[in-house]
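Asker: Provided herewith is a single structure, encoded as structure tokens, for subsequent inquiry.
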Amino acid sequence: MQLEFHQIDAFTDRPFRGNPAVVYRLDAWLEDELMQRIAAEHNQAETAFTVREGSGWRIRWFTPACEVPLCGHATLATAHALFELYGEAGERLEFSCLSGDLSVGREAGRLVLDFPAMGLEPADMAAEVATILGQPVQAVQVGKELLALLESEQAVRDCQPDLAALAKLPGLGVIVTAAGREHDFVSRYFAPGIGIDEDPVTGSTHCILAPYWAERLGKTELSAYQCSARGGELHCRLQGERVKIAGQAVLMASGKLFL
């Protein structure tokens with residue numbers, strides 16, 4: 001059996017930036033164990049598998065270690081592949097996934113994710129999290145992820161967490177964030193507990209970051225930068241219970257997997 005795949009850098013308009021994801025468009029689902037092994041073989045932060053179901057698409061995402069309920073950059077990469085490589089018509093793709101219904105549209109030269117907004121609850125953990133991050137922490141909130149507010153963009157860039165200790169904190173991973181110098185806010189994301197020491201650019205964390213910063217800054221249109229080594233720019237718009245997350249993508253490689 002041969003399976004075609006594409007590796008796409010998401011949330012960037014230049015090669016070797018943003019966040020790489022591997023995309024498989026399948027005619028039918030593979031066994032879960034096989035998809036997990038394929039994701040481990042590629043060893044990227046996420047490998048996305050999608051199958052047409054009715055008028056839309058079902059999408060699933062796997063890290064090298066496990067399946068995850070939501071992934072922004074691999075959804076952006078999948079939409080790029082479907083539009084640009086497989087010739088999907090129209091201006092919008094509809095997806096279903098473990099987190100509900102999603103869509104990706106084309107708007108002003110960007111792909112725009114339509115994701116659910118997510119909230120967090122305050123947690124009295126600032127001192128503990130500061131020790132793990134090696135940076136002073138102003139506030140902590142917890143939900144699906146743990147969010148730590150740092151004092152500056154430079155503190156976010158300088159953060160060197162104890163990954164073993166960080167993996168024991170509540171949530172899938174840890175978002176560190178601060179107000180930005182050239183953007184409304186910056187962030188980084190660490191998730192060693194699900195096989196990702198640091199994710200280069202994470203669309204799904206902006207389901208949390210966009211409403212968080214919208215409330216702090218009193219605005220619903222937000223520019224964001226994830227300041228990992230690769231880096232990536234995101235444009236966020238909070239619309240009620242939804243977050244629109246826009247970015248670009250670049251095809252880096254295509255090939256076949258032989259099974």
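Asker: Which number comes out as Rg/Rh for the chain once both Rg and the Kirkwood Rh are worked out on C-alpha atoms?
Answerer: Details: Rg = 17.6 Å, Rh = 18.3 Å.
Rg divided by Rh gives 0.96.
Asker: Report the net charge of residues surrounding Ala21, where surrounding means a beta-carbon distance below 11 angstrom and charges are Lys +1, Arg +1, Asp -1, Glu -1.
Answerer: Numbers: positive: none; negative: Asp9, Glu46, Asp199.
That works out to -3.
Asker: Excluding Leu3 itself, what net charge comes from residues whose Cβ is under 11 Å from its Cβ, given Lys and Arg +1 and Asp and Glu -1?
Answerer: Values: positive: Arg25, Lys256; negative: Glu4, Asp27.
Charge balance near Leu3 sits at 0.
Asker: Still on this structure: Using 0.36 nm per residue, how much length does the chain from Ala89 to Ala28 gain when fully extended, once their Cα-Cα distance is taken away? Display every interim value, and only then the final one.
Answerer: Values: separation 61, 0.36 × 61 = 21.96 nm, distance 2.10 nm.
Separation in residues times 0.36 nm, less the Cα-Cα distance, equals 19.9 nm.
Asker: For the range 87-161, state which trypsin sites (Lys or Arg not before Pro) are in a DSSP loop and have at most 16 other beta carbons lying within 10 Å of their beta carbon.
Answerer: Numbers: sites: Arg92, Arg106, Arg110, Lys144, Arg157; in loops: Lys144.
Passing sites in the range 87-161 do not exist.
Asker: Out of the GluC sites (Glu not before Pro) in the range 152-205, which ones are loop residues according to DSSP with at most 12 other C-beta atoms within 10 Å?
Answerer: Within the range 152-205, the qualifying GluC sites (Glu not before Pro) (loop, at most 12 other Cβ atoms within 10 Å) are Glu182.
Asker: Sticking with this one: For the range 1-63, just list the percent of Cα-Cα distances falling in each 5 Å bin from zero outward, please.
Answerer: Percent of pairs per bin, in order: 4, 17, 27, 23, 17, 9, 3, 0.
Asker: What relative contact order, as a whole-number percentage, does the chain give when Cα pairs under 8 Å and 6 or more residues apart are counted?
Answerer: On the way: 645 pairs, mean separation 58.8, N = 259.
Averaging sequence separation for qualifying contacts and normalising by length gives 23 percent for the chain.
Asker: Continuing with the same structure: Could you work out the Rg to Rh ratio of the range 127-245, with Rh taken as the Kirkwood radius (inverse of the mean 1/r over all Cα pairs)?
Answerer: Checking Rg against Rh, the ratio lands at 0.93.
Asker: What percent does the relative contact order of the range 1-155 come to when contacts are Cα pairs within less than 8 Å and at least six residues apart?
Answerer: Numbers: 267 pairs, mean separation 21.4, N = 155.
Computed value for the range 1-155: 14 percent relative contact order.
Asker: Determine Rg/Rh for the range 90-136; Rg is computed over alpha-carbon atoms and Rh is the Kirkwood hydrodynamic estimate from the same atoms.
Answerer: Working: Rg = 18.1 Å, Rh = 14.2 Å.
Rg/Rh: 1.28.
Asker: On to the next question. From the backbone phi of the range 202-215, what are the Karplus-calculated ³J(HN,Hα) couplings (6.51 cos²θ - 1.76 cosθ + 1.60, θ = phi - 60°) in whole Hz, Gly and Pro given as x?
Answerer: Computed from phi, the couplings for the range 202-215 are 10, x, 5, 5, 7, 5, 8, 5, 4, x, 4, 7, 4, 5 Hz.
Asker: Hey, can you find the accessible area per residue of the chain for me, probe 1.4 Å, expressed in square angstrom?
Answerer: Values: 11150 Å² over 259 residues.
In whole numbers, the chain has 43 Å² accessible per residue.
Asker: Which translational diffusion coefficient, to the nearest whole µm²/s, is obtained for the range 33-164 from the Stokes-Einstein equation, given a Kirkwood hydrodynamic radius over C-alpha pairs, 20 °C and 1.002 mPa s?
Answerer: Details: Rh = 17.2 Å.
After rounding, the answer is 124 µm²/s.
Asker: Loop only by DSSP, 12 or fewer other Cβ within 10 Å of the Cβ. Give me the chymotrypsin sites (Phe, Trp or Tyr not before Pro) in the range 15-52 that pass, ordered by residue number.
Answerer: Passing both the DSSP loop test and the Cβ count: Phe16.
Asker: Next up: Say each of Glu215 and Met252 gets a label point 7 Å from the Cα, pointing the same way as Cα to Cβ; how far apart are those two points in nm?
Answerer: Between Glu215 and Met252, the simple spin-label model gives 3.5 nm.
The values are calculated or read from the model by the stated rules, or taken from the named source; none is laboratory data. Small disclaimer: the values here were computed from a predicted structure and weren't measured. Neighbour counts are summed over all protein chains in view; Cβ atoms, including those assigned to glycine, are modelled from backbone coordinates with ideal geometry. We work out accessible area using only protein heavy atoms, side chains counted, and drop any ligands, DNA or RNA first. Shrake-Rupley method; radii C 1.70, N 1.55, O 1.52, S 1.80 Å.
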